[in-house]
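A short worksheet on the structure shown next.
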């Protein structure tokens, strides 16, 4: 992180992790995605919007599984291709799910959530007051070591395009399923990286909150 970034993202008062709520299993098996669910694409595009009010109700497992598959799941089993593009198929972006019972990494090939840290880190995923109470905060993490075959001048752009595609997949799924979501770039990269126990080559660059609508 540059000195300018560090100055711009000072921790706010009370910004800290909390104990995990309930059991934090090492692996969460997700239901198979329901590829026939939701609205048609054009209808979802007409409803896509950012929402900053969320019900605290947990997302049903069926919705969580389909949401994560829509984000960056495997949609071509033979090649391992994903629902979101990445440069040269490097698949350099990992999705972390901050849930009340722990921080999990989504593993697309097995369609499972893998426990990374048994804490409630939702309020560390951004500075807005709703992030700590919404049921799900997604964090998009770039593994920079997977981009070494890409010219250095293009790495940031390419990984940003991948993350943008993933977040739009989530936004369109939410519009189709009647969920609320908002993409957030105002995060403390260093604090969040420590909370997620990331390696030196892993960089969180965007977050996205998802939940049921207040009026649902």
*Hey, among 168, 154, which residue is modelled with pLDDT under 95 and either surrounded by fewer than 21 Cβ atoms within 10 Å (Cβ to Cβ) or farther than 17 Å from residue 96 by Cα (or both)?*
154
*Which condition number in (1) at pLDDT below 90; (2) surrounded by fewer than 23 Cβ atoms within 10 Å (Cβ to Cβ); (3) touching a strand residue (DSSP E or B) at 6+ places or on another chain (Cβ under 9 Å) is the one that residue 126 fails?*
(2)
*For segment 171-196, what are the residues that are under 16 Å from residue 122 (Cβ atoms), surrounded by fewer than 17 Cβ atoms within 10 Å (Cβ to Cβ) and touching a residue at least 60 places away in the same chain (Cβ under 8 Å)?*
186
*Residues being surrounded by fewer than 18 Cβ atoms within 10 Å (Cβ to Cβ) and on the phi > 0 side of the Ramachandran plot: count how many of those fall in segment 79-114.*
4
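Okay, residues lined up against (1) at pLDDT 95 or above; (2) under 18 Å from residue 102 (Cα atoms); (3) part of a loop (DSSP other than H, G, I, E, B); (4) out of contact with any strand residue (DSSP E or B) (no Cβ under 6 Å at 6 or more places or on another chain):
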position: 4; (1), (2), (3), (4): no, no, no, yes
position: 13; (1), (2), (3), (4): no, no, yes, yes
position: 23; (1), (2), (3), (4): no, yes, yes, yes
position: 37; (1), (2), (3), (4): no, no, yes, yes
position: 51; (1), (2), (3), (4): no, no, yes, no
position: 55; (1), (2), (3), (4): no, no, yes, no
position: 79; (1), (2), (3), (4): no, no, yes, yes
*Among 74, 141, which is within 22 Å of residue 26 (Cβ to Cβ), more than 14 Å from the chain's Cα centre (by Cα) and modelled with pLDDT of 95 or more?*
74
*Given 64, 59, 68, which one is touching a residue at least 12 places away in the same chain (Cβ under 8 Å), out of contact with any helix residue (DSSP H, G or I) (no Cβ under 6 Å at 6 or more places or on another chain) and not in a helix (DSSP H, G or I)?*
59
*Return yes or no: is residue 207 surrounded by 14 or more Cβ atoms within 10 Å (Cβ to Cβ), within 15 Å of the chain's Cα centre (by Cα) and within 26 Å of residue 66 (Cβ to Cβ)?*
yes
_Is it the case, given these coordinates, that residue 97 is closer than 24 Å to residue 115 by Cα and part of a helix (DSSP H, G or I)?_
no
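The values are calculated or read from the model by the stated rules, or taken from the named source; none is laboratory data. Just so you know, these numbers come straight off a predicted model, no measurement behind them. Quick reminder, even Gly has a Cβ in these numbers, built from the backbone with ideal geometry, and neighbours come from all protein chains shown.
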